[in-house]
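The values are calculated or read from the model by the stated rules, or taken from the named source; none is laboratory data. Being a predicted model, the structure only gives us computed values, none of them experimental. No Cβ is skipped: glycine too gets one built from the backbone with ideal geometry, and neighbour counts run over all protein chains shown.
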Amino acid sequence: MGGRLIRVCKGHDCESLDTMSLPADRKIKLWSVVRVSSGNFLEMYDFMVFGYYASAIGSAFFPSGNAYLSLMLSLMTFGAGFLMRPLGAIVLGAYTDKHGRRAGLLLTLSLMSVGIFSIACMPGYATIGLLAPLLVLIGRLLQGFSAGMELGGVSVYLSEIATPGHKGFYVSWQSGSQQVAVMFAALVGVVLSSFFPPEKMALWGWRVPLLLGCAIIPFLFRLRRSLQETDEFVARKHRPSTSEILRSLMANWRIVVIGILMVTMTTVSFYMITAYTPTFGNSVLRLASIESLIVTLCVGASNLFWLPVMGALSDRIGRRPLLFACTILMLLTAYPAMLWLVREPSFSRLLEVELWLSFIYGSYNGAMVVFLTEIMPADVRTTGFALAYSLATAIFGGFTPAISTYLIHVTGNRAIPGLWLSFAAACGLLATLLAQPQDTMLETRLPIAGRG
């Protein structure tokens, strides 16, 4: 027999719960955080490895007498995967909003697994010619298609299982699991660089991290298969059809546009300080590869610290104060920090600049992701979140390494990535100003939370 049923409203969260079930329920939900984030880890691990070893992958699949051209082709392939994210967000997001969070998350993990296998085991251009870059591109597109819903699916799942007053903290672990992937990929790179010379890493060593990702896939499937459907989704009486979801998205297009602008700050800064750091440190600043990987490892640890801390802080003081503060800080400091770095490049300066940018990113994203789940209508929450996130990543974030490389090449200004960060911050600031109050969102959620 359960305890007394009470109504808890704190901050942005309102829901009904049984007082006798709180401790056990919290333990179950915390374990669910680990299980649902496992696939998110794989998705980001694979993307990071591709970004870290872009030069070696370019040589293997896009050989050219011009090192810049090979690198750009590799980075454009890296970015091409993001172009499939909006399509994946709509198709897989609609599937998830109709058939359940658990079913959608299992499907995305399956598609991601096929993608990582296709790249890790693909023979190089020297072996199978033009077929090699073509199949690698298809693998990247498949991974992008699955990733289009993965981030939204994980974020929505975490928001719907969060305990009252802790939604920001729970949802921050969507990004937190990505930072574990960043750290793990960087650590693997550091270890491999310590054992193998650059020649062997460029020849075949870059495949080792991808094969390691393949090896952990069965374990990740076991974790995710044990997920339970969220109570909020089960309690929902109406399961919208795909056409209804698309009509709702069209009716709420302003919210999706605001979401795109909001995510632009997150996705540009994230790929700048993680995936692009090894290439920037090695190819632009001429630092040793192992130094850039160590910086990336430290950035991942910093992100992992700030994300849950600031997610929890947003539960107490609100989302907007953090969003305003972080976008303004990025606008004021990104370019000056990059100018200071390129004036006298060194390991210590790169570490200091990256950790500062990491603090801004972690503080902003800790509040932004949960805020994005709160402004989306409940019946299209996964599709709307995933579409906004994937469009921002496809248009801006995924091509950040390629855009930064191109801008440096055409201007000769090695600090110009700081201006790209400033542009992203301006988008985030505008979105924060335009975002509507949450009263209407609370009204849409209250009937669902009170059912049962």
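Residue count for the stretch 110-155 under the criterion of being surrounded by fewer than 16 Cβ atoms within 10 Å (Cβ to Cβ) and not in a helix (DSSP H, G or I): the result is 4. Among the criteria (1) in a helix (DSSP H, G or I); (2) surrounded by 21 or more Cβ atoms within 10 Å (Cβ to Cβ), the one Ala275 does not fulfil is (1). Of the residues Leu293, Leu351, the single one that is more than 18 Å from the chain's Cα centre (by Cα) and modelled with pLDDT of 95 or more is Leu351.
Would it be correct to say that Pro123 is free of Cβ contacts under 8 Å to residues at least 60 places away in the same chain and either closer than 21 Å to Ser59 by Cβ or of a type in the set (Phe, Trp, Tyr) (or both)? In short, yes.
Yes/no matrix, rows are residues, columns are (1) in a helix (DSSP H, G or I); (2) over 25 Å from Ser193 (Cβ atoms); (3) more than 17 Å from the chain's Cα centre (by Cα):
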residue: Phe41; (1), (2), (3): yes, no, no
residue: Leu87; (1), (2), (3): yes, yes, no
residue: Gly93; (1), (2), (3): yes, yes, no
residue: Asp97; (1), (2), (3): yes, yes, yes
residue: Leu105; (1), (2), (3): yes, yes, no
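Every residue, every condition in (1) at pLDDT below 95; (2) small (Gly, Ala, Ser); (3) crowded, with 19+ Cβ neighbours inside 10 Å; (4) within 21 Å of the chain's Cα centre (by Cα), yes or no:
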{"residue": "Leu355", "(1), (2), (3), (4)": "no, no, no, yes"}
{"residue": "Ile360", "(1), (2), (3), (4)": "no, no, yes, yes"}
{"residue": "Tyr364", "(1), (2), (3), (4)": "no, no, yes, yes"}
{"residue": "Val380", "(1), (2), (3), (4)": "yes, no, yes, yes"}
{"residue": "Ser390", "(1), (2), (3), (4)": "yes, yes, yes, yes"}
{"residue": "Phe396", "(1), (2), (3), (4)": "yes, no, yes, yes"}
{"residue": "Leu407", "(1), (2), (3), (4)": "yes, no, no, no"}
{"residue": "Ala424", "(1), (2), (3), (4)": "no, yes, yes, yes"}
{"residue": "Gln438", "(1), (2), (3), (4)": "yes, no, no, no"}
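For the condition closer than 29 Å to Pro308 by Cβ and outside any helix (DSSP H, G or I), what is the one hit in Leu227, Leu187, Leu212? Break it down into steps so the answer makes sense when it comes.
On the way: Leu187 fails: outside any helix (DSSP H, G or I); Leu212 fails: outside any helix (DSSP H, G or I).
Answer to the check: Leu227.
Among the residues of the stretch 158-204, which ones are out of contact with any Leu (no Cβ under 7 Å at 6 or more places or on another chain), over 14 Å from Leu297 (Cβ atoms) and among the hydroxyl-bearing types (Ser, Thr, Tyr)? Within the stretch 158-204, Ser159, Thr163, Ser177 meet the criteria.
Per the conditions (1) under 30 Å from Leu30 (Cα atoms); (2) surrounded by 20 or more Cβ atoms within 10 Å (Cβ to Cβ), the sole criterion not satisfied by Phe221 is (2). For the stretch 169-196, the set of residues classified as of a type outside the set (Phe, Trp, Tyr), more than 16 Å from the chain's Cα centre (by Cα) and either within 22 Å of Gly384 (Cα to Cα) or surrounded by fewer than 24 Cβ atoms within 10 Å (Cβ to Cβ) (or both) consists of Leu187, Val188, Val190, Val191, Leu192, Ser193, Ser194, listed by residue number. Tell me, which residue of the stretch 296-341 that is assigned to a helix (DSSP H, G or I), surrounded by fewer than 19 Cβ atoms within 10 Å (Cβ to Cβ) and of a type in the set (Gly, Ala, Ser) is farthest from the chain's Cα centre (by Cα)? The qualifying residue farthest from the chain's Cα centre (by Cα) is Ala325.
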